[in-house]
1. Given the rule -39500 (n - 2.57) for each run of at least 4 DSSP H residues, summed and divided by the residues of the chain, what is its mean residue ellipticity at 222 nm, to the nearest 500 deg cm²/dmol?
2. Run the reach check for Lys96 against lysines, Cα to Cα strictly under 27 Å, same-chain hits fewer than 8 apart removed. What comes back?
3. How much of the DSSP bridge set in the chain is antiparallel, in percent, rounded to the nearest 5?
4. With a 1.4 Å probe and all protein chains left in place, how much of the accessible area of the chain comes from carbon and sulfur atoms, in whole percent?
5. Working out 0.36 nm times the residue gap between Lys125 and Trp283, then minus their Cα-Cα distance, what length gain in nm do you get to one decimal?
6. What residue among Gln12, Gln222, Gln294 shows peak mean-square fluctuation when the chain is described by a Gaussian network model with Cα springs under 10 Å?
7. All other residues with a Cβ under 9 Å from the Cβ of Leu326 taken together, and with Lys, Arg as +1 and Asp, Glu as -1, what is their net charge?
8. With every protein chain left in place, what is the accessible area of Asp180 in Å² (1.4 Å probe, nearest 10)?
Amino acid sequence: MKPVPLLDLKAQFAPLREEIRDAIDRIVDSQRFILGQVVEDLEADVCRYTGSPHAVGCASGTDALILALAGLGVGDGDEVVTSPFSFFSTASCAYKVGARPVFADIDPQTFNLDPESVATKIGPKTRALIPVHLFGQCADMDAVAGLARDRSLPVVEDAAQALGAAWSSAESGHAGTIGDLGCYSFFPTKNLGAFGDAGMIVARDAEVAERLMQLRVHGGRQMYEHKWVGWNSRLDALQAAVLRVKLPRLDSWSAGRKANAERYDLWFAESGLIESGDVKTPWRDERSSHIYNQYTLRVTRRDALREHLAKREIGHSVYYPVPLHLQPCFGELGYSAGDFPNAEAAAQEVVSLPIYPELDESMQRRVVDALVEFYRPLAGR
Ligand SMILES: Cc1ncc(COP(=O)(O)O)c(C=O)c1O
């Protein structure tokens, strides 16, 4: 039987081949590779798409987070409250500007920050909150924005996995545009993926956006004039050209992922594995749309299941096996096992399945059948 990959970027590329090659050819013919008109055009496209007034392209989602904190003036001795159940950059960005990440636990249903836990972690040194919209579903932005307002703190949204998701409640808007700054990643596996590393920050405030424009180019607008000690974190014209071809397709790709998620939900419900307690399908917060960058289950006997899936060549992955507060590089922060029980339990129990829009029903059926085959001897215990 054919393997089912976790993601198939070749299937996405095939129908776009000519258009993307033409876009790349235009950049190659121009011999202008760094920033320039095509990057400005992409920034304008993202502003139109998200409704944000300002956008600043940069070299990666990681750099977007670092630049965002630096742009807000977060630095030495400051604290940034964020989630321990996320990709590394969510916390490393604080370190990189001289601040400390302070973790709060997650909500076990959404995997996103638990606002009650956040409230207990905000202290006199806190300078920003970083909610993460994990797997493509927004964190509770009503609660986060409320906490930020009460304490006059800026919010930097880690929307690396969530471009295209939206929050509709007391606060509302596209993921990334509800807080002060929003950070996107265009890493190839994201719903909108470049042909290499790329990222972007959206900003509410013109002055902050201008500072970010400077910080991404060594801290100045004019060559050889440096107002700040900035970075080299420019967005390549080639990446911007590829992303401009892909952006108009983003919503239909995300809709394809959602349709696949609904089919998994239904088939897992029919399988008996939810009833037996072996599988929990993703919980949906009705206030957020979900773009399913990942379709993430909680399962029993996760590591044995992974071996079974690997034998059947069913692509899957664990995002994330070690919570950030237990990473060796953050040892000096003094956290230990047991500090964030919800994040730690999630790290033990989650597994993400193939969800990309080109996945067909027969492949999805094989994925579900493989889980049923694994648990069946125990189902109905
Ligand atoms: C939640 C989250 N934050 C930040 C990043 C960093 O983005 P990049 O890989 O583009 O540096 C990622 C990407 O993997 C991510 O998933």
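1. Working: 13 runs with 146 residues, N = 381.
Computed mean residue ellipticity for the chain: -11500 deg cm²/dmol.
2. Cross-link targets: Lys121, Lys125, Lys190, Lys227.
3. Numbers: 25 of 40 bridges.
Taking every DSSP beta bridge within the chain, about 60 percent pair in antiparallel fashion.
4. On the way: 8240 of 16370 Å².
Of all accessible area on the chain, carbon and sulfur atoms account for 50 percent.
5. On the way: separation 158, 0.36 × 158 = 56.88 nm, distance 3.38 nm.
Result for the pair: 53.5 nm of gain on full extension.
6. Taking springs between Cα atoms under 10 Å, the residue moving most is Gln222.
7. On the way: positive: none; negative: Asp339, Glu344.
Neighbourhood net charge equals -2.
8. 60 Å²
The values are calculated or read from the model by the stated rules, or taken from the named source; none is laboratory data. Quantities reported herein were computed from a predicted structural model and do not represent experimental measurements. Please note: Cβ atoms are built from the backbone with ideal geometry, for glycine as well, and neighbour counts cover all protein chains shown. All accessible areas refer to the heavy atoms of the entire protein, side chains included, with ligands and DNA or RNA removed. Shrake-Rupley method; radii C 1.70, N 1.55, O 1.52, S 1.80 Å.
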